[in-house]
Amino acid sequence: MMRLNYQRHCYQLLRRKAMCGLFVLIFPLIFPCLFTPFTHASPSTFSEWNVPKPRHLRLLRSALQRERLTGEQSDLWAPLADQGWRPYLGSVNAPSLPQKSEGYLQVFLDGGLNQQRMGICDAVAVAKILNATLVIPHLEVNPVWQDSSSFMDIFDVDHFMNVLKDDIPIIKVLPDEFSWSTREYYATAIRGTRIKRAPVHASANWYLENVFPVLQSNGIAAISPFSHRLSFDNLPSEIQQLRCKVNFKALVFVPHIRALGDALVHRLRYPPGQSQASSTDYLRETTDQNGKQNPQKFVVLHLRFDKDMAAHSACDFGGGKAEKLALAKYRQTIWQGRVLNSQFTDKELRSQGRCPLTPEEVGLLLAALGFDNNTRLYLASHKVYGGEARISTLRNLFPLMEDKKSLASSAERVHIKGKASLLAAVDYHVGMHSDIFVSASPGNMHNALVGHRTFENMKTIRPNMVLLGQLFLNKNISWSQFRQAVVEGHQNRQGQLRLRKPKQSIYTYPAPDCMCHA
């Protein structure tokens with residue numbers, strides 16, 4: 001009997017252990033977010049569970065009670081005055097192409113959509129310098145968002161080749177004799193046809209001295225990495241104008257991106273009535289209703305407040321000790337703690353304008369500038385750190401705020417779902433058709449759209465980060481004081497043309513290289 005009880009006891013112990021082991025195995029499957037590694041693509045959500053309360057409650061209460069000022073509104077929405085500059089992309093009668101190309105040029109581009117966009121422009125310029133045939137650039141898989149979209153997934157390749165047909169020869173695919181020259185080929189060993197030592201902002205002479213011989217010897221040269229690899233200074237005017245021609249004329253998005261973008265712009269201009277609100281196929285809409293109502297104006301806000309930016313800034317965003325520890329661990333995992341800002345205090349960083357604006361702070365900026373709660377706001381952004389709970393303050397200030405999900409059905413978004421580059425392309429398209437564009441913090445999207453809208457003389461508000469950082473540090477400031485300081489500090493930051501200075505990007509400051517004074 002004792003032996004039987006002992007066997008039964010052992011069996012129960014083994015059964016419990018087996019159940020515990022099974023639970024340990026399936027628990028990560030039931031709650032995967034708890035076991036997500038600290039990576040760019042899949043940040044941990046521990047620090048995002050407890051979203052902090054508004055940090056500027058005194059200003060927020062006044063902003064929510066603000067009244068609409070008709071005169072101020074008219075000034076806000078007035079188009080940018082003619083500044084006397086016109087787009088200039090060189091002579092229409094361009095010289096004919098040389099009869100013989102020196103070889104094929106490949107480039108492998110890192111970064112997100114707008115960084116790749118700049119790389120494409122530089123690649124065309126380098127091909128021109130080398131008298132090479134450009135192979136349609138290869139876009140690397142984005143390490144942040146894991147987007148594998150190709151050039152042809154994003155940009156209209158036939159339009160690209162047609163616009164540049166008189167400038168450089170371009171091919172989509174290498175001839176069979178060079179089919180071995182692939183990304184995988186260069187990843188396995190050191191290859192004589194790969195140039196990986198191209199310095200940042202290299203001169204034209206560097207390419208002639210280092211890449212041209214490789215072209216002549218092998219008939220092909222592959223540059224990887226290729227990001228910010230061509231200088232903005234000391235280049236012939238025709239090369240500068242070619243870069244602008246690529247950026248502002250040759251690079252257009254594929255038709256389905258433009259169609260979806262146009263549909264979103266149409267809905268922002270002509271909000272559907274109650275009877276149309278439940279429609280699931282907006283792309284079939286016509287413009288018949290245009291004659292029934294006046295078009296409404298709208299602002300595009302690029303809210304660049306993701307976890308990468310929050311962590312890299314080393315600023316305090318009000319999430320307490322838990323958030324500070326989580327962001328510090330994220331910095332250590334991603335950048336091994338090598339973040340220059342981390343040597344400064346939060347107060348020092350904010351007074352220097354080095355902290356990204358939170359959704360709450362962006363809302364207060366827009367309210368102080370005079371945008372009221374009837375303003376139609378389009379939110380252009382990827383995942384926001386803190387999610388909808390953090391955006392809620394901004395939404396309270398601007399209840400007519402929209403985004404891709406609110407304006408388009410899931411069926412319309414099926415071709416861009418989960419593809420960061422295509423999502424950003426739609427936002428870029430809408431941003432280029434808005435009355436006003438505002439970027440919460442500097443970055444590649446900010447730089448690209450500021451430059452493009454400058455080229456087209458369109459209104460763009462550039463936040464004064466130093467001023468705002470200092471104002472938000474003052475916890476005793478009144479709404480009237482805050483509002484006056486914001487208005488005065490942004491009078492000359494609404495799209496006024498600024499000439500490019502040495503070392504500055506031609507894509508952010510297109511004048512005078514790509515524009516002429518009328």
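Rounded to the nearest 20 Debye, what is the dipole magnitude of region 87-224 about its Cα centre when Lys and Arg each give +1 and Asp and Glu each give -1 at the C-beta?
Roughly 340 debye, rounded to the nearest 20.
What does region 104-252 give for Rg and for Dmax, in Å, if only its C-alpha atoms count?
14.3, 39
At a temperature of 20 °C and a viscosity of 1.002 mPa s, determine how fast region 445-498 diffuses translationally according to Stokes-Einstein, using the Kirkwood radius over alpha-carbon pairs as Rh; express D in µm²/s, rounded to the nearest whole number.
Rounded, D is 173 µm²/s.
Suppose the chain between SER237 and GLU209 were pulled fully straight at 0.36 nm per residue; how much longer would it get relative to their current alpha carbon spacing?
8.0 nm
Taking amide hydrogens as modeled 1.01 Å from N in the peptide plane, which residues meet the under 5 Å criterion relative to TYR378, leaving out close sequence neighbours?
For TYR378, the qualifying residues are VAL299, VAL300, LEU301, GLU402.
Tell me which lysines have Cα within less than 21 Å of LYS100's Cα, excluding those fewer than 8 residues away on the same chain?
Reachable lysines: LYS128, LYS165, LYS172.
At what distance in nm do the modelled label points of GLN296 and LYS53 sit from each other, each positioned 7 Å from its Cα along Cα→Cβ?
The modelled label-to-label distance comes out at 3.3 nm.
Which FRET efficiency value, to the nearest 0.05, is calculated for ASN341 and ALA187 with the Förster distance at 35 angstrom and r the Cβ-Cβ distance?
0.60
Return the sequence-ordered ³J(HN,Hα) values of region 212-222 in whole Hz as given by the Karplus equation 6.51 cos²θ - 1.76 cosθ + 1.60 applied to θ = phi - 60°, using x for Gly and Pro.
Coupling constants for region 212-222: 4, x, 5, 4, 5, 6, 10, x, 7, 9, 10 Hz.
Return the long-range amide H neighbours of ILE223 (sequence gap of 5 or more, or a different chain), with a cut-off of under 5 Å between placed amide H atoms.
Amide H to amide H, under 5 Å and 5 or more residues apart or across chains, ILE223 pairs with GLN106, VAL107, PHE108, ILE195.
Would you pull out the residues with amide H under 5 Å of PHE155's amide H, same chain only if 5 or more places away, H placed 1.01 Å from N?
VAL254
Aspartates and glutamates near LYS324 by alpha-carbon distance under 13 Å, same-chain residues fewer than 8 away left out - which ones?
Result set, ordered by chain and number: GLU48, ASP316, ASP346.
Alpha carbon centre of region 458-515 versus region 177-229: separation in Å?
Result: 40 Å between the Cα centres.
Could you give me the ³J(HN,Hα) list for region 117-134, computed from phi with Karplus coefficients 6.51, -1.76, 1.60 and θ = phi - 60°, whole Hz, x at Gly and Pro?
4, 5, x, 5, 4, 5, 5, 4, 5, 5, 4, 5, 4, 8, 6, 10, 8, 7
How much length, in nm to one decimal, is gained on full extension between ASN396 and GLU177, taken as 0.36 nm per residue of separation minus their Cα-Cα distance?
Value of the extension gain: 72.7 nm.
Past 30 Å, Cα to Cα: identify those pairs from LYS321/LYS459; LYS196/LYS405; LYS196/LYS419, in the order given.
LYS321/LYS459; LYS196/LYS405
In nm, to one decimal, how far is the GLU388 label point from the ASP166 one, both placed 7 Å along Cα→Cβ?
5.3 nm
Within region 358-391, name every residue whose backbone N is under 18 Å away from a label modeled 7 Å from Cα of LEU473 along the Cβ vector.
Only 358, 361 pass the distance filter.
Dividing the alpha-carbon Rg of region 343-409 by 2.2 N^0.38 Å yields what?
Compactness ratio reported: 1.28.
Suppose the chain between HIS256 and GLN146 were pulled fully straight at 0.36 nm per residue; how much longer would it get relative to their current alpha carbon spacing?
Here the answer is 37.4 nm.
Computed from the coordinates by the stated procedures, all read-outs in this text should not be read as laboratory data. As the structure is a prediction and not an experimental result, all values here were calculated from the model. Quick reminder, even Gly has a Cβ in these numbers, built from the backbone with ideal geometry, and neighbours come from all protein chains shown.
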